[in-house]
1. Starting from region 1-19, keep only residues that are of a type in the set (K, R), then list their pairs with residues that are surrounded by 11 or more Cβ atoms within 10 Å (Cβ to Cβ) whose Cβ atoms are within a distance under 7 Å, requiring at least 6 positions of separation or different chains.
2. Charged (D, E, K, R) and touching a residue at least 12 places away in the same chain (Cβ under 8 Å), is that true of E29?
3. Does region 4-11 include one or more residues that are at pLDDT 85 or above and among the hydrophobic types (A, V, I, L, M, F, W, C)?
4. Determine which single condition E80 fails, assuming it passes every other condition in (1) modelled with pLDDT under 85; (2) surrounded by 10 or more Cβ atoms within 10 Å (Cβ to Cβ).
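The values are calculated or read from the model by the stated rules, or taken from the named source; none is laboratory data. Please read these numbers as outputs of a predicted model, since none were measured by experiment. FYI the Cβ positions are ideal-geometry reconstructions off the backbone, even for glycines, and counts take in every protein chain you see.
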Amino acid sequence: MQTQEEKLDNLIKEYSELFNNYDFKVSREIPKDAYKAIDIGAGMYIVFTHKGIRETMEEKMKEYIEEQNEKIRKGEKPFEDIE
């Protein structure tokens with residue numbers, strides 16, 4: 001019998017193309033606009049969106065740059081050290 005970890009590893013291998021290309025989240029519900037959903041048991045699903053990982057990363061980077069530019073315009077320290 002497979003352990004839970006082995007089951008998840010197998011799911012990741014089986015759906016590696018989706019994990020490598022699409023944003024995903026773990027949810028109890030499957031939204032109507034989901035690209036694909038994988039039942040992982042206990043009423044939980046891995047839900048893939050239509051949005052690609054690269055697109056999301058570009059959006060996040062753009063938001064970060066805009067935030068930093070706004071801080072500079074206000075005369076604030078743009079990059080905060082996180083400890």
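1. none
2. Yes: the conditions hold for E29.
3. Within region 4-11 (the criterion being at pLDDT 85 or above and among the hydrophobic types (A, V, I, L, M, F, W, C)), the answer is no, since none of the residues qualifies.
4. The number of the failed condition is (2).
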